[in-house]
Amino acid sequence: MAAAPRLLVVHHSRSGGTAALLDAALAGMRDPAVTGLDLVLQPVAEAGPDDVLGAAALVIATPVRFGGLAGLTRDFLERCYYPLLDRSPGFRYGLLVRGTTDASGAVRDVERIVAGLRWRPLLPPLVVERGEAGASSQPPLDEAERATAHEWGATIAALVAEGLT
Ligand SMILES: Cc1cc2nc3c(=O)[nH]c(=O)nc-3n(C[C@H](O)[C@H](O)[C@H](O)COP(=O)(O)O)c2cc1C
């Protein structure tokens with residue numbers, strides 16, 4: 001029997017905001033309606049190009065920092081870029097971003113990098129902008145945000161489980 005396609009989720013969060021958004025998306029990815037998926041989570045600092053090459057698709061879950069991509073997530077992409085260049089054209093990815101007032105710079109940063117790799121999005125990015133920068137914790141998601149994240153995660157998981165048709 002063929003191995004289930006692997007969906008690798010690399011994640012980073014310092015004050016829990018991105019982690020809460022990812023949890024809601026993971027609830028969708030683990031929806032019992034989605035079967036035949038090998039879901040693997042890795043802190044972004046521990047993931048590298050070999051992990052990406054072993055996956056059918058990738059989700060990047062990251063906060064915004066200083067108008068752009070969080071440093072550790074940038075470091076992950078920096079470490080992956082040349083090892084994956086020309087080895088992963090068409091690779092599918094999803095992007096989940098948590099910020100407070102403006103997450104557009106982080107989305108732009110990732111899109112610029114993956115354009116070089118010729119990766120393709122599974123879905124438009126999942127973005128939540130709320131809370132206070134620098135706070136030691138972030139406000140919980142509201143029902144609508146949770147439902148959107150759940151749906152986003154479930155859709156990505158289904159696409160990967162079905163072979164990205
Ligand atoms: C140093 C620092 C810089 C930040 N810069 C931005 C920013 O430019 N734009 C924004 O929307 N949020 C910014 N934030 C807010 C975080 O992205 C937001 O609070 C997120 O939920 C925190 O991430 P985390 O809880 O997953 O660590 C910043 C937070 C910190 C700590």
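Test ALA133 against the stated conditions and say whether it is more than 12 Å from the ligand (Cβ to nearest atom) and surrounded by fewer than 21 Cβ atoms within 10 Å (Cβ to Cβ).
Here the answer is no, as ALA133 does not meet what is asked.
List pairs: first in region 141-165 and free of Cβ contacts under 8 Å to residues at least 60 places away in the same chain, second part of a helix (DSSP H, G or I) and of a type outside the set (Phe, Trp, Tyr), Cβ under 8 Å, 6+ apart or cross-chain?
Listed by first residue and then by second, the contacts come to THR165/LEU159.
Restricting attention to region 66-104, and to residues there that are more than 8 Å from the ligand (Cβ to nearest atom) and among the small types (Gly, Ala, Ser), which single residue is surrounded by the fewest Cβ atoms within 10 Å (Cβ to Cβ)?
GLY90
Just give me the residues in region 49-58 being touching a strand residue (DSSP E or B) at 6+ places or on another chain (Cβ under 7 Å) and either acidic (Asp, Glu) or within 15 Å of the ligand (Cβ to nearest atom) (or both), in sequence order.
Scanning region 49-58 gives a single hit, ASP51.
Does ARG14 fit the bill of being of a type in the set (D, E, K, R), more than 24 Å from GLY116 (Cα to Cα) and within 12 Å of the ligand (Cβ to nearest atom)? Before you say what the answer is, go through the steps one by one.
Details: of a type in the set (D, E, K, R): yes; more than 24 Å from GLY116 (Cα to Cα): yes; within 12 Å of the ligand (Cβ to nearest atom): yes.
The answer is yes for ARG14.
Scan region 1-60 residue by residue and report those that are buried (at least 19 other Cβ atoms within 10 Å of the Cβ) and either touching a Cys at 6+ places or on another chain (Cβ under 9 Å) or among the acidic types (Asp, Glu) (or both).
Result: ALA47, VAL52.
Which condition number does PRO140 fail, the rest of (1) out of contact with any strand residue (DSSP E or B) (no Cβ under 7 Å at 6 or more places or on another chain); (2) within 16 Å of the ligand (Cβ to nearest atom); (3) part of a helix (DSSP H, G or I) being met?
The single condition PRO140 does not satisfy is (3).
Has region 96-104 got any residue that is closer than 19 Å to ALA47 by Cβ, within 16 Å of the chain's Cα centre (by Cα) and part of a loop (DSSP other than H, G, I, E, B)?
No: zero hits.
Counting only residues that are in contact with a Gly (Cβ under 8 Å, 6 or more places away or on another chain) and among the hydroxyl-bearing types (Ser, Thr, Tyr), give me the helices (runs of 4 or more DSSP H) lying completely in region 9-89 with at least 2 of them.
Qualifying helices (runs of 4 or more DSSP H): none found.
In region 105-124, which residue that is surrounded by 15 or more Cβ atoms within 10 Å (Cβ to Cβ) and over 15 Å from the mean Cα position of the chain (by Cα) is farthest from the ligand (Cβ to nearest atom)?
The qualifying residue farthest from the ligand (Cβ to nearest atom) is LEU117.
Read the figures in this text as sums done on the coordinates, not as results from a lab. Bear in mind the structure is a predicted one, so any value in this text is a computation, not a measurement. Heads up, the Cβs are rebuilt from the backbone with ideal geometry, glycines too, and the neighbour counts pull from every protein chain shown.
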